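The values are calculated or read from the model by the stated rules, or taken from the named source; none is laboratory data. Every value quoted in this text rests on a predicted model; they were computed, and no experiment measured them. Cβ atoms come from the backbone with ideal geometry, glycine included; neighbour counts cover every protein chain shown.
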Amino acid sequence: MNDNERRALNEALFRDVNERIAESTGRFADEKTEFVCECADPNCAERVPATLAEYESVRKNPTTFLLAPGHDEPGIERVVSDRGRFHVVEKVQAAVRQTVIRLDPRQRRAQSEP
């Protein structure tokens, strides 16, 4: 496994955590919450304030992620939206894109449904 694939695995792990946060937020009808930064740094503990609707708009594409400002890595991703409180990045490096698509929990759920 190369460094880029390892970064993608870290980001996918943070995305999985945020999926659980989103589910809980939806159950309690909370409008705003704090998600974890979905950057490649395994030691990152930054919280990203966003509404559930904002998070859902990021999750529409399996190659976009929610990051704290300044946490992007230009070699593997590009900022596609600066929303002040957070950045939305899209994975541009091929191995990273393939890895995050393969590990997308929403893609896996859709494939396992009859």
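Looking at the stretch 1-25, which of its residues are aliphatic (A, V, I, L, M) and either part of a helix (DSSP H, G or I) or at pLDDT 90 or above (or both)?
Those that are aliphatic (A, V, I, L, M) and either part of a helix (DSSP H, G or I) or at pLDDT 90 or above (or both): A8, L9, A12, L13, V17, I21, A22.
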Scan of the stretch 36-51 for residues that are of a type outside the set (V, I, T) and surrounded by fewer than 19 Cβ atoms within 10 Å (Cβ to Cβ), ordered by number: D41, P42, N43, C44, A45, E46, R47, P49
Out of T33, T64, sole residue that is surrounded by 14 or more Cβ atoms within 10 Å (Cβ to Cβ), under 20 Å from E5 (Cβ atoms), touching a helix residue (DSSP H, G or I) at 6+ places or on another chain (Cβ under 8 Å) and of a type in the set (V, I, T): T64
